[in-house]
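Peer 1: Below: one structure in C-alpha cells.
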Amino acid sequence: MRIAVHLISQVGKRPAGIDDNGQGTFEFPDGKTLSGLLAGLSLRTDEPFMALVNGQAIPPSERDSTILMDGDEVTVFPPMEGG
Amino acid sequence: MSWQGKIIRIDLGKGTVKSEPLNMAWARTYIGQRGLGTKYLMSEIDPACDPLSPANKLIFATGPLTATGASTGGRYSVITKGPLTNAIACSNSGGQFGAYLKLAGWDMLILEGKSPKPVYIVVENEDVRILPADGFIWGKTVWETEDMIRAKHQNPELRVAAIGVAGETMARFACIVNDRDRAAGRSGVGAVMGSKNVKAIATFGNIGTKVADGKAFLKATRAAMDKLNPHAARERLSKRGTHSMLDVTHAYGSLPTNNCRAVQFDGAGKVNVAAAQKPRRSDGRASSQTNKACFACSIGCGRIATIDPEHFSIKDKPQYKTSLGGLEYESIYALAPMCGVDDLDAATYASALCNEHGMDPISFGASVAAAMELFDVGAITLKETGGIELKFGSAEALCWAAEATGTAQGFGKEIGLGAKRLTEKYGHPEFAMCVKGQEFPGYDVRAMQGMGLGYATSNRGACHLRASPFVDDFAHIRTEGKAEIVKKSQDRIAAWDSTGVCLFSGNAWDVSDLVAQLDASIGGGWTAEQFLETGEKIWNMERLFNMKAGFTAADDTLPKRMLETPAPSGAGKGKVNELKVMLPEYYELRGWTKDGEPTTQTLSRLGLA
C-alpha cells in the first residue's frame, strides 16, 4: 500500500524519501501502524510531535493501534507555540 | 540580588521625577515584571477608572533576570488598565529597551497623571529628564522618533520605546514599539501612553546588574544555555521563526480565516514560510532575509524582511525599499488568512506599518477582518469606507486600512475602535472575534478546545500567551483534562512572565531550570512549588483587579461563532467549542465559586485576603 507523508516544520536531518517540501510517498506491506511509520522517520526526540491521519488528530496513545490503509495521508508536526 | 532596588516615578501633571526604593517585600513575593507591576498597579489605581484618564497609570517593569546574562533575559512588561478591554493589561516585549532601563539602574518606571503638553522622557543612568515633544517628535512615526531622539541627544545607543500617531490619537489597540519592531503589543497600552501625552521613553544604561550568588548563577545559566541551544524548537524558531506555525494550523484546521468563517486557508501556500524564503522573480531576493535576536537571546526568532520592490504597496515609497522587521505567526495570521489575503508582500507592508505607526497587528488585522465582514453583509458600504472596496481577500484594502488606521484618517479611525466597538456600532456584535474586547490570536478554538478555555478565562482578553494547551489540543479534540492543563499553564506562565526571560525559553527549560537561575540571582531559596504558587497568586490578583473593574463570570465567554457554528473543515470539522463543559471544572480547580470568584479560603491560601 502507498502512504503519503507530509512533515511540517521539522528541523534537523531530512528523513530518506522526504523531499525539500517535507513530502514523500512510501510503500508498505499491509498492517503498517502509525507508530511503525513514525519510528521509521527517525524524528528528533527532544520535543514531542503530533500526527494526523487524513486530517484527523491521532493521540500518541492510539498510534500503536492505528492501522494505516492504502492511500492514507499522514501529517506530522511539532506542537509549536505562536508569537 | 539582581533587582536594582529602585524605581522612577514620574508625575506628568506636576512635571516631577522622583527616585524611590523598590518595595522589596513585594519584589520578594511577586518577583518582577508582570507580577510586581500588577501588584503596584493594583495598589495605586482604582480598577474602575477610565483607562484613558489621568487616574490610570502606566508601569514599565523589568524582571530580576532582565539584563543579567541569563539566556533570553531582555524582557520588560507594560502594565496598566487596558483601553481595548477595560481589564488588566500586561504586554510583554523584548528587544533592547527593557535591558537598558535595567542597566541604567532601575527596576521600573511609573508614569502617573497627564502631561499638559506632549513630552518624552530620557533615562541615562541616574539622569532622568522630561523633555518637550511638541514641535519635535509629536506627530512623527515610531521610526522617525527613534532617529530624531538619537540624533538630538547624540547617543546612538539610546533605546527608544515610542508610540506612533495611532497611540497619540488613542486607537484602542495602539501599542508601544521599542527598537523599531519589538512591541508591548496587546490591549492598547500605546493609547494609554498617548492619553498621558507621552511620546517616547529613551533609555541608556551602563551601570550593570549584580546577582546574589555569582558562581551559582554562572553554573545555572550555563546549564540552561546548554539545554536551550541544541533544542529543536530553538533551531526552528531561529531558522524559520514563529511564522512556521501557519502550516501547522492550516493543516490542523485551526487557522482563523475570513474572520473565522473558515478554519483553513486556500492561499496558505502563498503566505507561509516556504513562500517567504523563496527568491522572487523581480530582484532574486526572498521576502525573509535573516533572523534577529533580542537582548541576550540565543534563539533569534525575529525576522528581517524586504518587500518586493515592484509590489504595488511601495510604489513611490522608497522608505520601504529596505530591510524591515518581518512577519511573525500572529501578524501573518491576522494580516493574511484572517482577512482572506494571500499576498505576502501586502502582509509584510501592513506589518511594517503596524510597527511604524504603533499598532498591534493582531487586533488591527482582526478588526479589518470584522470590517470586511460588515462590508460583506452590507452593514457598511462605500459611503463609510470612502470608496474603498473593503472585501475579504483584497490586498489593496488591507494596505489602505493599515495606513488609514495608523494615521487616524477617515474610516481608519473606525477600525481603530477595535472589532468589538466597531461591530457594535454597525449592528453586528456577533462579527467581533473577541474575548473581553480583545481580538483573537491565530487559533480557531473549535479544533483547539483548551485554547478556547484559555481565551475565555484570560485576564487580558483573548490571548495565546496566557495558557499553553498546544500539545494536548493538537492531539485530542475533547474537553477532558483541559481545565487542569489550562489552569496549570496559566500559573506557570504568570510566574515565568515575571522573571525577565522570554516564554520561548520554556520550549527547552523546565520550571526547575528557570528557578535555579532565579534563585541564584535573587536568593531566598526558591523552589519550583513556590514559583508555581506565585504564578497562581499573580493570576488571582489579576482576577481581583478585573472583578473590581466590573468583570463577572459572564465575561468568561467566546464569540457565538465559536460556541454555535460548527467548524466547516479540518480536524475539528463539525465541532463547536464546549466551553460550558470546561468552565465549571476550571472554576473548581481554581478554588473559585461557580460564579467565578475566588473563595475566601483561596485568597487566604494565596495571601491575597
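Peer 1: If we only count helices (runs of 4 or more DSSP H) wholly inside the stretch B:94-202, which ones have 1 or more residues that are closer than 30 Å to B:GLY73 by Cβ and free of Cβ contacts under 8 Å to residues at least 12 places away in the same chain?
Peer 2: B:142-152
Peer 1: If we scan the stretch A:37-51, do we find a residue that is among the β-branched types (Val, Ile, Thr), over 12 Å from the mean Cα position of the chain (by Cα) and surrounded by 19 or more Cβ atoms within 10 Å (Cβ to Cβ)?
Peer 2: Within the stretch A:37-51, not a single residue is among the β-branched types (Val, Ile, Thr), over 12 Å from the mean Cα position of the chain (by Cα) and surrounded by 19 or more Cβ atoms within 10 Å (Cβ to Cβ).
Peer 1: Okay, moving on. Being closer than 30 Å to A:PRO78 by Cβ and under 18 Å from the mean Cα position of the chain (by Cα) is the filter here, so list the residues in the stretch B:181-233 that pass it.
Peer 2: Hits for the stretch B:181-233 are B:ASP181, B:ARG182, B:ALA183, B:ALA184, B:GLY185, B:ARG186, B:SER187.
Peer 1: Of everything in the stretch B:150-173, what is crowded, with 24+ Cβ neighbours inside 10 Å and closer than 12 Å to B:LYS199 by Cβ? Give them in sequence order.
Peer 2: B:VAL160, B:ALA161, B:ALA162, B:ILE163, B:GLY164, B:GLY167, B:GLU168
Peer 1: Filter the stretch B:469-488 down to the residues that are touching a residue at least 24 places away in the same chain (Cβ under 8 Å) and buried (at least 24 other Cβ atoms within 10 Å of the Cβ), then identify the one that is nearest to the chain's Cα centre (by Cα).
Peer 2: B:VAL486
Peer 1: Next question, about the same structure. Filter the stretch A:11-31 for residues that are over 22 Å from A:THR45 (Cβ atoms) and either aliphatic (A, V, I, L, M) or assigned to a loop (DSSP other than H, G, I, E, B) (or both); which is nearest to the other protein chains (Cβ to nearest Cβ)?
Peer 2: Only one residue fits best here, namely A:ASN21.
Peer 1: Something else now. Go through B:ARG261, B:ARG236, B:ARG240 for me and flag whichever is more than 30 Å from B:ARG159 (Cα to Cα), of a type in the set (D, E, K, R) and either within 23 Å of the chain's Cα centre (by Cα) or more than 14 Å from chain A (Cβ to nearest Cβ) (or both).
Peer 2: The unique qualifying residue is B:ARG261.
Peer 1: Could you list all residues from the stretch B:490-512 that are within 12 Å of another protein chain (Cβ to nearest Cβ), among the small types (Gly, Ala, Ser) and either surrounded by fewer than 22 Cβ atoms within 10 Å (Cβ to Cβ) or within 21 Å of B:LEU36 (Cβ to Cβ) (or both)?
Peer 2: If the condition is that a residue be within 12 Å of another protein chain (Cβ to nearest Cβ), among the small types (Gly, Ala, Ser) and either surrounded by fewer than 22 Cβ atoms within 10 Å (Cβ to Cβ) or within 21 Å of B:LEU36 (Cβ to Cβ) (or both), then B:SER505, B:GLY506 are the ones that fit.
Peer 1: Condition (residue is away from chain A (no Cβ under 14 Å) and either over 20 Å from B:GLU144 (Cα atoms) or in contact with a Lys or Arg (Cβ under 9 Å, 6 or more places away or on another chain) (or both)) applied to the stretch B:325-334: is it met by at least one residue?
Peer 2: Quick first cut of the stretch B:325-334, residues away from chain A (no Cβ under 14 Å) only: none.
For the stretch B:325-334, residues away from chain A (no Cβ under 14 Å) and either over 20 Å from B:GLU144 (Cα atoms) or in contact with a Lys or Arg (Cβ under 9 Å, 6 or more places away or on another chain) (or both): absent.
Peer 1: Taking the residues in the stretch B:203-231 that are of a type in the set (Val, Ile, Thr) and within 30 Å of B:ALA151 (Cα to Cα) as candidates, determine which candidate is surrounded by the most Cβ atoms within 10 Å (Cβ to Cβ). Before the answer, list the steps.
Peer 2: Step one: filter the stretch B:203-231 for residues of a type in the set (Val, Ile, Thr), giving B:203, B:207, B:209, B:211, B:221.
Now drop any that are not within 30 Å of B:ALA151 (Cα to Cα), which leaves B:203, B:207, B:209.
Working: B:THR203: 29, B:ILE207: 14, B:THR209: 22.
Across the stretch B:203-231, the extreme among qualifying residues is B:THR203.
Peer 1: For B:PHE551, state whether it is part of a helix (DSSP H, G or I) and either within 23 Å of B:THR479 (Cα to Cα) or outside the structural domain of B:THR249 (by TED's automatic domain parsing) (or both).
Peer 2: It is false that B:PHE551 is part of a helix (DSSP H, G or I) and either within 23 Å of B:THR479 (Cα to Cα) or outside the structural domain of B:THR249 (by TED's automatic domain parsing) (or both).
The values are calculated or read from the model by the stated rules, or taken from the named source; none is laboratory data. Nothing here was measured: the structure is a model prediction, and the numbers come from that model. With ideal geometry, Cβ positions are generated from the backbone for all residues, glycine too; neighbour counts draw on all protein chains shown.
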